[in-house]
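Visitor: Can you read through this structure? Questions will come right after.
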Amino acid sequence: MSTAPLVIARRRFGETARRDAWWIQPVVVFLGLSAFLVYSTWAAFQGEHYTFGPYLSPFYSPEIFGDSPHSLFGPRPAAWPAWLPFSPALLILPIPGLFRLTCYYYRGAYYKAFWSDPPSCTVGEPRKSYWGESSFPLVLQNIHRYMLFLAIVVLMILGYDAWKSLWFPVAAGAPGAAAALGTPPGQVSFGIGVGTLVLGVNVVLLSGYLFGCHSLRHIAGGCADQLSRAPLGISAYNCVSCLNRWHMAWAWASLFSVGFADLYVRLCSMGVWSDLRIL
């Protein structure tokens, strides 16, 4: 049987036969991720206005060292170098940051938006070779499965923060429900504010994103490459898949919610916004 060589012409950068507006999605992703990176970096280095009443910004939780009542181990250590910037957020943000950076969805999103690798499906890209994620530095993306366990711990703490946001400190002579119930000053009373809802919704959206993670689905399925070999894990695998089908939506919704939660607490602390008490 005779054969003929098949010559595949390499597309130039941006060349494509597509007629749709394929460039819109990578541009939106670029703008969205860039805006979040700029704001979160700025907020992390502020080191102030991250608490308000029972509210603690998720950028700063858990507050390992700090000056607020939420601090676990008191103020900044005396041994901290004077030349090194200090902010409680810088001690904790690397965990959720690296979890998102190495996330399977975000990798595909920012590869297209920031590196044009490729800009979109069937669109010419600038590079001429393909190394995949088997060489440095992209081989470090494999830490995602390990960051998952640390991210679960952080999520549990954020859940506890949402619970604490239901308990408001009572000041001397405070009017309202707390005084009516006879709660002594200096203690806390149950209540719900807009900030309570903001922190609670943030935990729900983060949970949808984290528990729909591809790595968690693999673990839930029994860490088996073939589900037929782990019949007991099929149900758990399918359960995680329910969230995983909307992984992109969870990723963006939780990214917005965690940024907005910090913004809300910050503006309330600065006196720009007033926290409306619902109950």
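Visitor: Taking 0.36 nm per residue of separation and subtracting the Cα-Cα distance, what length does fully extending Arg145 through Trp23 add?
Guide: 40.8 nm
Visitor: When only Cα pairs under 8 Å and 6 or more residues apart are kept, what is the percent relative contact order across the chain?
Guide: Reported as a whole number, the value is 22 percent.
Visitor: Which value, in Å², gives the accessible area per residue of the chain when a 1.4 Å probe is used on the protein heavy atoms?
Guide: Solvent-accessible surface per residue comes out at 60 Å².
Visitor: Something else now. Kindly express, to the nearest 10 degrees and within the range 0 to 90, the angle between helix 247-270's C-alpha long axis and the longest C-alpha principal axis of the chain.
Guide: The angle comes out at about 30 degrees.
Visitor: Taking only C-alpha pairs under 8 Å that are 6+ residues apart, what is the relative contact order of region 17-170 in percent?
Guide: So the answer I get is 29 percent.
Visitor: Something else now. Just subtract the alpha-carbon distance of His214 and Phe190 from 0.36 nm times their residue separation and send over the number in nm, one decimal.
Guide: 4.8 nm
Visitor: Just from the alpha-carbon atoms, what are the Rg and Dmax of region 94-149 in angstroms?
Guide: Both quantities, over Cα of region 94-149: 12.4, 38 Å.
Visitor: What angle do you read, to the nearest 10 degrees and between 0 and 90, between the alpha-carbon axis of helix 234-244 and the longest principal axis of the chain?
Guide: It is inclined by approximately 80 degrees.
Visitor: How much length is gained if the chain between Arg11 and Asn238 is pulled fully straight, taking 0.36 nm per residue apart and subtracting their Cα-Cα distance, in nm to one decimal?
Guide: Between Arg11 and Asn238, full extension yields 77.8 nm more.
Visitor: Here is a follow-up. Suppose each label sits 7 Å from its Cα in the direction of the beta carbon; what would the Tyr39-Phe256 distance come out to in nanometres?
Guide: 1.0 nm
Visitor: Sticking with this one: Quickly rank 267-274, 76-83 as a protection proxy: mean count of other C-beta atoms within 10 Å, highest first.
Guide: 267-274, 76-83
Visitor: In whole percent, and with a 1.4 Å probe on the protein chains, what portion of the accessible area of the chain is carbon and sulfur?
Guide: Solvent-exposed carbon and sulfur of the chain make up 69 percent of the total.
Visitor: Starting from a Cα-only point model with no solvent, please compute log10 I(q)/I(0) by Debye for region 181-279 at q = 0.16, 0.24 1/Å.
Guide: Computed log10 I(q)/I(0) values: -0.77, -1.13.
Visitor: Also, quick follow-up: How big is the chain in terms of Cα radius of gyration and Dmax, in angstroms?
Guide: Cα only, the chain: 23.6, 96 Å (Rg, Dmax).
Visitor: Related question: Using +1 at the C-beta of Lys and Arg and -1 at the C-beta of Asp and Glu, which of Tyr111, Cys121, Val194 has the Cα lying farthest in the positive direction of the dipole of the chain?
Guide: Cys121
Visitor: Which value, in Å² and to the nearest 10, is the accessible area of Met156 when all protein chains are kept and the probe is 1.4 Å?
Guide: Met156 has an accessible surface of roughly 130 Å² with all protein chains in place.
Visitor: Once every DSSP H run of n ≥ 4 in the chain is given -39500 (n - 2.57) and the sum is divided by its residues, what mean residue ellipticity at 222 nm do you get, rounded to the nearest 500 deg cm²/dmol?
Guide: That comes out to -15000 deg cm²/dmol.
Visitor: Could I ask something else about it? Treating only the Cβ atoms of Lys and Arg (+1) and Asp and Glu (-1) as charged, compute the dipole magnitude of the chain about its Cα centre; round to the nearest 20 debye.
Guide: Result for the chain is approximately 900 debye, rounded to the nearest 20.
The values are calculated or read from the model by the stated rules, or taken from the named source; none is laboratory data. What you see is a predicted model; the values in this text were computed from it and never measured. No Cβ is skipped: glycine too gets one built from the backbone with ideal geometry, and neighbour counts run over all protein chains shown. Side chains are part of the model used for accessible areas, which takes the heavy atoms of the whole protein and leaves out ligands, DNA and RNA. Shrake-Rupley method; radii C 1.70, N 1.55, O 1.52, S 1.80 Å.
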